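Okay, so here's the structure we're looking at.
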Amino acid sequence: MKNSSSTSDAHTPPDYHICLPVELHGQAEAFIRYLHDLPNTSPVECPKCGHPRFRLDASLSLRLPFYRCVACDKGFNCLTKNPFKNYGLMHLWWIYGQYLLAGWPTPTIAIAMGISPSTTWRWIKPCRAVMAKEFPALYRWWSARQDRTNLEPPAHIAIQAQAFLSGLEQLLTIQQVACLKCGSPHMQRIDERRPDFRCYGCWSTRSLLHGTLLSRLGYPDLWLGFVQGLINGESVVDLQRRTGLCGAACKRWQVRFLQMFEQQGYTELAKWITWLRSRRVKEVNDFVRDGGALIVVAGSRHNPESKRHLTVPPKYSRRRSSDS
């Protein structure tokens with residue numbers, strides 16, 4: 001849906017189709033159109049008694065046309081009994097919906113739209129209510145990913161994820177390559193974990209990782225599992241638990257692999273990871289805010305004896321433990 005007002009032209013919402021299955025694109029467009037048209041929708045019946053006849057009350061100067069039922073004499077407007085009835089900035093609702101479907105974190109949406117974070121937090125509830133009632137198929141799929149109850153990506157992103165994982169696995173397991181110096185097709189692998197080769201004709205060596213973003217990363221045996229954790233939107237602490245690496249190493253790996261996704265044209269996969277990762281951060285924050293106690297990562301591969309202790313605020317009388 002294209003911008004249709006000067007106010008909307010100031011914003012450049014993301015492509016909300018990227019993280020959605022193709023079969024839900026129609027419902028997503030209908031949802032955005034619903035939010036766009038909602039403030040200008042004419043009621044078809046009285047929301048109080050259901051009578052189809054009502055009159056416009058022109059004596060009141062309000063932000064929306066006000067109507068009065070000829071049967072029950074109750075007043076109402078197009079938002080009466082709608083989840084958005086108590087919310088302002090109506091001209092931005094449909095723009096916000098695009099950011100929401102695209103998987104943007106709420107604080108980032110606030111910055112992009114130039115509104116307060118508290119406003120974007122409040123709009124989630126009516127958007128969910130409208131989506132659940134008017135567009136149930138879209139809501140079931142989107143809410144499962146938004147709430148992290150289902151991490152399965154849409155088909156086009158799953159293809160990208162599998163292609164990247166297969167390419168990485170092939171890179172790590174390839175057994176023979178051609179020599180760049182003498183042309184021999186029978187360079188032999190000299191390292192079980194890394195794709196390093198030696199030509200026994202001219203005694204030159206070759207590494208398939210040379211000049212790539214992976215050239216200085218250690219522990220190749222952990223790369224596939226790490227990438228799968230990224231695709232699931234796992235946090236840095238989750239990745240520490242998965243690999244046994246320290247936090248700094250996991251952050252460095254995270255940046256490197258995201259750069260590789262972009263280099264290889266897997267931009268949809270990168271946006272998918274950003275969405276699920278932001279939801280994981282919120283999931284952990286909500287758990288801790290409710291009084292939960294996280295299981296702390298103890299040390300790393302280099303220093304397994306080092307430990308950090310977690311202190312739960314005394315106001316929480318009930319302790320829970322969960323992976324972050």
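Using the Cβ-Cβ distance between Ser118 and Lys181 with R0 set to 56 Å, the FRET efficiency from 1/(1 + (r/R0)^6) comes to roughly 0.30.
Each of Ile124, Leu79, Leu101 was placed along the dipole of region 66-222 (beta-carbon charges, centred on the mean Cα), and the one lying farthest toward the positive end is Leu79. The label-point distance for Val22 and Leu209, in a model that sets each label 7 Å from Cα toward Cβ, rounds to 3.7 nm.
For a straight C-alpha distance cut-off of 14 angstrom, the aspartates and glutamates reachable from Lys251 (same-chain residues fewer than eight places away being disregarded) are Glu234, Asp238. Over all other residues within a Cβ to Cβ distance under 11 Å of Pro47, the charged ones net out to +3, with Lys and Arg as +1 and Asp and Glu as -1.
Round to the nearest 0.05 the FRET efficiency obtained for Asp37 and Glu192 when R0 = 41 Å and r is the Cβ-Cβ distance. Efficiency for this residue pair is about 0.10. With coordinates expressed along the principal axes, the C-alpha atoms belonging to region 137-209 extend over 62, 19, 13 Å, beginning with the largest.
As a proxy for reagent exposure, ranking Leu230, Leu151, Leu24 by other Cβ atoms within 10 Å from fewest up yields Leu151, Leu24, Leu230.
Taking only Cα atoms, what is the 0 to 90° angle, nearest 10, from helix 136-146's long axis to the longest principal axis of the chain? Compared with the principal axis, the helix lies near 50 degrees.
By the count of neighbouring beta-carbon atoms within 10 Å, fewest first, Lys81, Lys251 end up ordered Lys81, Lys251.
Rounded to the nearest 500, the helix-only mean residue ellipticity at 222 nm of the chain stands at -13500 deg cm²/dmol, with each DSSP H run of n ≥ 4 adding -39,500 (n - 2.57).
Considering only alpha-carbon pairs that sit under 8 angstrom and 6 or more positions apart, the relative contact order computed for region 66-168 is 15 percent.
With Cα atoms defining each centre, region 110-173 and region 181-244 are spaced 31 Å apart in the structure. Simple rule: put +1 on each Lys or Arg Cβ and -1 on each Asp or Glu Cβ in the chain, find the dipole, and look at Asn285, Pro21, Ala112; the Cα lying farthest toward the positive end is Asn285.
Equivalent ellipsoid of the chain: semi-axes from √(5λ) of the C-alpha gyration tensor, largest first, are 52, 25, 15 Å. Between Glu152 and Thr267, the simple spin-label model (points 7 angstrom out along Cα→Cβ) gives 2.8 nm. Considering only alpha-carbon pairs that sit under 8 angstrom and 6 or more positions apart, the relative contact order computed for region 194-240 is 22 percent. Packing, as the average of other Cβ atoms within 10 Å across residues, places the peptides 209-216, 273-280 in the order 273-280, 209-216, highest first.
Computed over region 197-300, relative contact order equals 27 percent, with contacts defined as Cα pairs under 8 Å that lie 6+ residues apart.
Pairs of Cα atoms in region 35-163 fall into 5 Å distance bins, from 0 up to the last occupied one, in shares of 2, 9, 16, 17, 16, 13, 10, 8, 5, 3, 2, 1, 0 percent.
On the basis of the beta-carbon distance and an R0 of 25 Å, Arg289 and Arg140 show a calculated FRET efficiency of 0.40.
Read-outs: derived from the displayed coordinates by stated rules, not from any lab. This structure is a prediction, so every number in the text was calculated from the model and none was measured. Neighbour counts run over all protein chains shown; Cβ positions are idealised from the backbone, glycine included.
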